[in-house]
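Please treat every number below as a calculation from the coordinates, not as lab data. Note that the coordinates shown come from a computational prediction; the quantities given were computed from them, not determined experimentally. FYI the Cβ positions are ideal-geometry reconstructions off the backbone, even for glycines, and counts take in every protein chain you see.
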Amino acid sequence: MTNHNRPDSNSFTEEYVCEPNEFVEDKKSPLQNYYNFKSGYMLVNPEHIDKLQFTGRKTFAFWTLVIILIILAIGNLCLTFIILSVLRLGGSMESIEFIQTQDATKFFGETDLGHLYKRNGKIESFKDAPIELSSQDSSVMFSLTSKIGRVFTKFHMNQTSTSFNGINKFEIRDENDKLIYSSNTPTFNSIKSANNLKTKLTLTNRISSPIKENLNIQGKIVNLKGAEGTTINGKFVFWSADQDLHFKTVNGSIILTSKKDIYINMKNVSNGASKNNNHLRTQYKICVCMPQGKLFRIPVSGSNSIISCNHVNMSPQHNPCF
């Protein structure tokens, strides 16, 4: 029998195998001696370090978290670029600017808004850029909110009407803060700086335009009336209508005078056939139907005979007054 002494704890163990009729052979064990465990330490054979596996669940979770953070960072970067492109942000916003010194907000171009709340109630524009408020297939309303939260519509504009409700005063002023119109005294004091005026009824003693500028009066139906007559003066006076022009006087007469000539477009003036067909087609005489007041023309004969407006064929098929 072979006696084995207890090996040193710092050396490798040796396994002795003894069988009958055989020599004793020493074999080194790949295992280490763990008799001397200390708290927190484990002796490892350097030759077998590569065989040990320390990659577990914690390592997998770490790399998973890193990949998720990278994906979130890329998504956040893409979202930032989208916001910059939608809001048109750069060194400054393209469509809006905040003026801190005046507590104002400046809009550029066209701005699509739903409900706009203004604490001081002022909506202004710059001198060279007039403001335009419009609504697509809807109305434009200005409302006032009371202290208790109730809303009162003070101004309402749609395609058919414009109304003011419950206001003390309404004023229109020019760029120099000069009063043009006030609801207290509904009379235009001065509209020299106004380029356009749209109204249904205007009572005034005089309408004029600046020198070397045209005065245009347009409308579906335009009526110019004067209590003591109407006088129209100008270097060039031009009347045009899609249908008819009516000149009417009650107690006086209609006088058309010019230093040079008075021209009438004869394309739409009726042509009355005279009883005598011997005439020149290039010369006509202007006549007036009574009491309709409609103008018509009759051809003048080539001879020196006298032709009056009575020399007209008044048959139903040739009557120029119908």
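Some notes on this structure:
- Taking amide H positions as modeled 1.01 Å from N, with prolines and chain starts lacking one, the residues under 5 Å from residue 294 and 5 or more places away or on another chain are 289.
- When each of 200/248; 220/260; 198/260 is checked by Cα-Cα distance, pairs over 26 Å: 220/260; 198/260
- GluC sites (Glu not before Pro) lying in DSSP loop within the range 97-138, provided at most 14 other Cβ fall within 10 Å: 110, 124, 132
- Summed residue charge, Cβ within 12 Å of residue 184's Cβ, Lys/Arg positive, Asp/Glu negative: 0
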